[in-house]
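Nothing in this text is a laboratory measurement; each read-out follows from the coordinates by a stated rule. Owing to the predicted nature of the structure, the values given are computational and were not obtained by experimental measurement. Every residue, glycine as well, gets a Cβ built from its backbone with ideal geometry; the counts of neighbours run over all protein chains shown.
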Amino acid sequence: MLKNDKPLECGVRQVAISADGIDLAHVQRYQWAAAKMEGFQRVPPEIYVWDIGCGCGYGGDILTRPGVAYLGIDHSQEAIDFAKDAYGPVSAFMVGDVTRMGAPDPLGKPNALVALEIIEHIPDHEAAMKCWRSVIELGGQLLISIPRDCPPVGIHEYHVKDWVLEELVTALKAAGFKPRSAEEQSRAGSFGPIGTDPARCKAICVEARAV
């Protein structure tokens, strides 16, 4: 489970009836994930993606496109109800514990997982990552991000761990994922190599493969 239950208007969740109303940095991370999914060689080419910790569902508006089946999963019934109302016509959503997920429908295992700005909220991150590895197809793609511009744990109400890239890479390998690339999202919104100035970094985004 996540740390606490974040109500829709707590200031942490992004809430809007379209991606146009969402903070641009969050939208850009989903656009990064969409581009990575398109560039990933898979057989068959169709994508079934689970959006882990989908919140109010705007990620479905960005990730869903021809050839992509989307399922958003969040532990908050309130968030999922909002997502179904706002984005349900083109995306599917369900309530679920992101540390104990199973294949919930006839589509079976996903071949892509998106976990953006979620791992810092999960007390038992080892259980979560092992769960994610158990549900994804062998060779499937994980797209995960960690924030780099938030108040530290103890000050941030909803975070349980301040992640750095090296720790994330170690945790992913232990869970059965092989990191393939890491990029920095700058405060200006661009994505590129990890820099040496933390003050310019908004988030770190990692692409990994299930091995």
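Amide H contacts of residue 202 (H built 1.01 Å from N, in plane; Pro and chain starts excluded): 185, 186, 187 sit under 5 Å, all sequence-distant by 5 or more or on other chains. Counting only residues at least eight positions apart within a chain, or on another chain, the aspartates and glutamates with an alpha carbon under 17 Å from that of residue 161 are 5, 117, 120, 124, 126, 149. Can you bin region 19-210 into rounded, prolate or oblate? Criterion: square roots of the alpha carbon gyration tensor eigenvalues sorted a ≥ b ≥ c, rounded for a/c under 1.5, prolate for a/b above b/c, oblate for the rest. Since a/c stays below 1.5, the shape of region 19-210 is classed as rounded.
Considering only alpha-carbon pairs that sit under 8 angstrom and 6 or more positions apart, the relative contact order computed for region 19-210 is 18 percent. Here the sum of -39500 (n - 2.57) over DSSP H runs of 4 or more residues, divided by the residues of the chain, equals -7500 deg cm²/dmol at 222 nm, to the nearest 500.
From largest to smallest, the equivalent ellipsoid semi-axes obtained for region 34-99 from the alpha-carbon gyration tensor read 22, 12, 9 Å. Result for the chain in a Gaussian network model with C-alpha springs under 10 Å: among 60, 189, 140, the largest mean-square fluctuation is at 189. Each of residue 81 and residue 173 was given a label point 7 Å from its Cα along the Cα-to-Cβ line. The distance between the two points is 4.5 nm. For region 19-210, the Cβ-based charge dipole about the Cα centre amounts to some 720 debye (Lys, Arg positive; Asp, Glu negative; other atoms uncharged).
Ranking 101, 80, 44 by how far each Cα lies toward the positive end of the dipole of the chain (charges on Cβ) leaves 44 at the top.
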